[in-house]
Amino acid sequence: MPVRAALALSLFALTLCAQEPAAQVAAQVKDIRIPKISRKPLLEEFLNGNSRPDMKRIDDFRQRQPNNGTPVSRKTSAWIGYDDKNIYAVFVCQSPPAPASQNAKISSVTM
């Protein structure tokens, strides 16, 4: 991995962990290998549960509130990769269910 890509990813990880005590951060940080990809990702490739097998998938996210450190309550996945010019990160996050009142407004038909 180029030094530039490693540095950028390290800074990103430090930014995310800056507010946690050092012992907790050390226990949560995992080493991952970011693969070099031959072409940039397109959002359309990740719709409907599809993914890019040449990118690294990460789905072991933890939440801060409520219950700091527990698995996320809504499924979240990320795919990362890099090429000669950029680092790519695609996040796919599950939306919360719409309230019943909103569903009724969406599904109602007025004539």
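What follows is calculated from the coordinates using simple rules that are stated; it is not laboratory data. This one's a predicted model, so the numbers in the text were calculated from it and none came from an experiment. Because the Cβ atoms are built from the backbone with ideal geometry, glycine has one as well, and the counts that use them run over all protein chains shown.
The table below gives the values:
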| item | result |
| --- | --- |
| Order of Tyr82, Tyr88 - criterion: other Cβ atoms within 10 Å of each residue's Cβ, fewest first | Tyr88, Tyr82 |
| Packing rank of 47-59, 68-80, where each peptide gets the mean count of other beta carbons within 10 Å, highest leading | 68-80, 47-59 |
| P(r) histogram, all alpha-carbon pairs of the range 35-80 included - 10 Å bins from 0, percent | 24, 42, 26, 9 |
| Relative exposure of Asp60, Asp31, Asp84, judged by other C-beta atoms within 10 Å (fewest first) | Asp31, Asp84, Asp60 |
